[in-house]
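Each remark here refers to the structure printed beneath this line.
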Amino acid sequence: MKFTCERSTLLKEIAIANEIIASKNAISILSNIYIEARDGSLTVKATDMKVNFETKVPVDVIEDGSVTVYGDKFFGILNSIPDGEIEFEQVDSKINIRTAVKKARFQLKSIASDKFPEFAAAGAAFFKIPVRDLKDMIQETIFAVSDDETRETITQVYNEEGYYLDPHSAVGWKGVDKLHAQNKLVFGRFPIGVLSTAHPAKFSECVNPLTGQAPLPNSLADAMNRTVNSQTIPAEVPALLDLLLKEV
């Protein structure tokens with residue numbers, strides 16, 4: 001494999017790829033970035049097995065080929081050299097990187113590209129959204145609530161409002177508080193509702209020590225007093241189908 005390209009163009013894509021992967025991984029190939037030179041472009045891939053990244057960069061391909069290189073080192077080299085044209089050449093298991101400006105030369109070890117995991121084919125359901133809008137949307141929801149904060153919120157709301165929150169609703173409530181504190185609510189001038197879809201009685205082990213037993217609606221109280229009928233079956237689809245067909 002051999003190709004030339006502009007350093008600045010490649011650096012942007014390698015920086016994104018390097019953010020995807022972990023530098024210290026139990027599976028060494030997952031710390032590497034896949035590159036393939038073919039048909040006037042360089043395909044760049046990276047994955048942590050949860051998030052896949054793939055892009056193409058225009059390059060002048062002298063010799064087709066593919067290989068994987070250690071992401072941190074590759075990004076570090078590109079980041080340290082000046083803008084301008086750079087040349088990549090694979091020689092056996094090494095990648096030689098040369099710059100046209102200062103005639104600098106770097107060498108990287110590589111791993112064969114056939115060791116890199118295949119990406120599953122992407123579905124056809126795509127949509128477009130302006131990057132700025134997407135960032136704003138993520139910023140509005142990028143909060144986390146710990147177990148301790150959940151318990152504190154359940155207790156606080158009960159003491160201040162006399163209302164019994166279930167843990168899921170407490171997370172939503174605390175999340176709104178956090179966004180208020182950071183002045184990140186787009187609709188901050190309007191009242192905000194937290195929609196609860198479960199009764200606290202469902203989480204009695206968590207809620208009762210904090211607030212005591214929440215009053216039960218008649219329908220739920222009746223259900224709680226009924227005899228429980230259950231069967232234990234293997235966690236397998238055929239076992240579930242057999243049970244359902246017997247009941248029918």
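Contact map, the range 197-219: first residue surrounded by fewer than 14 Cβ atoms within 10 Å (Cβ to Cβ), second residue modelled with pLDDT under 90 and in a helix (DSSP H, G or I), Cβ cut-off under 7 Å, separation 6 or more or different chains; the map is empty. Considering the range 11-54, and only residues there that are hydroxyl-bearing (Ser, Thr, Tyr) and over 18 Å from the mean Cα position of the chain (by Cα), the residue that is surrounded by the fewest Cβ atoms within 10 Å (Cβ to Cβ) turns out to be Ser28. Under the condition of being over 34 Å from the mean Cα position of the chain (by Cα) and either modelled with pLDDT under 85 or loosely packed, with under 10 Cβ neighbours inside 10 Å (or both), the residues counted in the range 231-248 number 7.
For (1) over 23 Å from the mean Cα position of the chain (by Cα); (2) modelled with pLDDT under 85, each residue gets a yes or a no:
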| position | (1), (2) |
| --- | --- |
| Asp147 | no, no |
| Arg151 | yes, no |
| Val157 | yes, no |
| Tyr164 | yes, no |
| His168 | no, no |
| Pro191 | yes, yes |
| Leu195 | yes, yes |
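Filtered by the rule that a residue be touching a residue at least 12 places away in the same chain (Cβ under 8 Å) and within 24 Å of Asp48 (Cβ to Cβ), the range 94-119 gives Ile95, Leu108, Lys109, Ser110, Ile111, Ala112, Ser113, Lys115, Phe116, Pro117, Phe119. Contact map, the range 139-165: residues that are within 17 Å of His199 (Cα to Cα) and assigned by TED's automatic domain parsing to the domain that holds Pro200 paired with residues that are surrounded by 15 or more Cβ atoms within 10 Å (Cβ to Cβ) and of a type in the set (Lys, Arg), Cβ distance under 8 Å, separation 6+ or inter-chain. Pairs shown: Thr150/Lys174; Thr153/Lys174.
Which members of the range 78-96 meet the condition of being within 16 Å of Val67 (Cα to Cα) and surrounded by 12 or more Cβ atoms within 10 Å (Cβ to Cβ)?
Those that are within 16 Å of Val67 (Cα to Cα) and surrounded by 12 or more Cβ atoms within 10 Å (Cβ to Cβ): Glu87, Phe88, Glu89, Gln90, Lys94, Ile95, Asn96.
For the range 97-134, a residue qualifies if it is charged (D, E, K, R) and surrounded by fewer than 12 Cβ atoms within 10 Å (Cβ to Cβ), and the qualifying residues are Lys102, Lys103, Arg105, Lys109, Asp114, Glu118, Lys128, Arg132, Asp133. Name the pairs: first residue in the range 223-248 and not assigned by TED's automatic domain parsing to the domain that holds Lys202, second residue part of a helix (DSSP H, G or I) and surrounded by 10 or more Cβ atoms within 10 Å (Cβ to Cβ), Cβ to Cβ under 6 Å, at least 6 apart or on different chains? As it stands, the answer is Ile233/Ala239; Ile233/Leu243, since those pairs meet every condition given.
Within the range 20-67, take every residue that is part of a loop (DSSP other than H, G, I, E, B) and among the acidic types (Asp, Glu) and give me the one that is farthest from Lys2 (Cα to Cα).
Within the range 20-67, the match that is farthest from Lys2 (Cα to Cα) is Asp48.
The values are calculated or read from the model by the stated rules, or taken from the named source; none is laboratory data. What you are looking at is a predicted structure, and each value in this text was computed from that prediction instead of being measured. Here the Cβ is made from the backbone with ideal geometry for all residues, glycine too, and neighbour counts use every protein chain on show.
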